[in-house]
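The structure appears below as structure tokens.
Please treat every number below as a calculation from the coordinates, not as lab data. Predicted model only: the values in this text are computed from it and were never measured. Note that we place each Cβ from the backbone using ideal geometry, even for glycine, and neighbour counts take in every protein chain shown.
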Amino acid sequence: MRTGLARDSNFGKPVNNNQARVLVVDDESAIREMIQFSLRRAGMDAEGAANAREALAAISERKPDIILMDWMMPGVSGLELTRRLRREPVTADIPIIMLTAKVTEDDKVLGLEAGTDDYVIKPFSPRELIARINAVLRRSSPADDLGRIEAGDLALDTHARRALARGKELRMGPTEYRLLEFFMANSGRAYSRSQLLDHVWGTNAYLEERTVDVHIRRLRKALQLAGLEHYVQTVRGHGYRFMAGG
């Protein structure tokens, strides 16, 4: 069977230590599994989906950092699924790389207009694909090349999953860390409790909105030790926002 991967002497060899969560959406199991194998060998967390239904379920379970989307799939095409994801606030910001054998200029324009961030022509080498993934993630992520996000006196080491205030590590639970990471990546914007549930806990997390309030209190308590609890602000009648120095 012909796959979308070209022969490459570096296939399967680690390329970087990126811990990105990658969703590979392709109806051909051979291609999907080969891509997943290559990405895992490169240190990425790769999950597969054979169609739009499986992809949406996977995204609801755990939001990926990036999606590799095959154009030609039975039923809902990769192009249509991309359009759907771009229309939903929870998924609109997920970077998408389209994988396809379509090579005409019109096809490329259609893919870009649908909201794809990059376009990789089959067959491709694992090295090329990983380089494209890293390039798109660098463009879309607020973290710098070292995986740091900084705001005021706070810094996140996203590789080590640590929060630092003026260089001193803050102690907080994993949920509070995810909440803080989301806030710092979207500084200044107000989010309702339901939006925070969708973005931080996932769309399939059937939790009460007061759950957000509980974790906001815990996050503020962790920040209070550094005198930074005011960074997490209550927006009356709406929800919360993060504002460094606010």
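Quick rundown of the values:
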quantity: Neighbour cut-off at most 13 other Cβ (10 Å), DSSP loop, trypsin sites (Lys or Arg not before Pro), the range 167-197; calculated: ARG171, ARG189
quantity: Proximal aspartates and glutamates to LYS108, defined as alpha-carbon separation beneath 17 angstrom and excluding residues fewer than eight positions away on the same chain; calculated: ASP70, GLU80, ASP117, ASP118
quantity: Kirkwood-based shape ratio for the range 21-140, expressed as Rg/Rh from alpha carbons; calculated: 0.91
quantity: DSSP-loop chymotrypsin sites (Phe, Trp or Tyr not before Pro) across the range 157-246, with at most 10 other Cβ within 10 angstrom; calculated: TYR206
quantity: Cleavage-rule hits, trypsin sites (Lys or Arg not before Pro), the range 24-72, DSSP coil, Cβ neighbours within 10 Å at most 12; calculated: ARG62
quantity: Förster radius 30 Å - calculated FRET efficiency between ALA190 and ALA226, Cβ distance, rounded to 0.05; calculated: 0.80
quantity: Distance in nm between pseudo-label sites at VAL235 and ARG21 (7 Å out along the Cβ direction from Cα); calculated: 2.3 nm
quantity: The range 21-140, dipole about Cα centre (Lys/Arg Cβ +1, Asp/Glu Cβ -1), debye to the nearest 20; calculated: 320 debye
quantity: Neighbour-count order for MET34, MET184, fewest beta carbons within 10 angstrom listed first; calculated: MET34, MET184
quantity: Gain on full stretching of the segment that runs from ARG217 to GLU54 - 0.36 nm per residue minus C-alpha separation; calculated: 55.1 nm
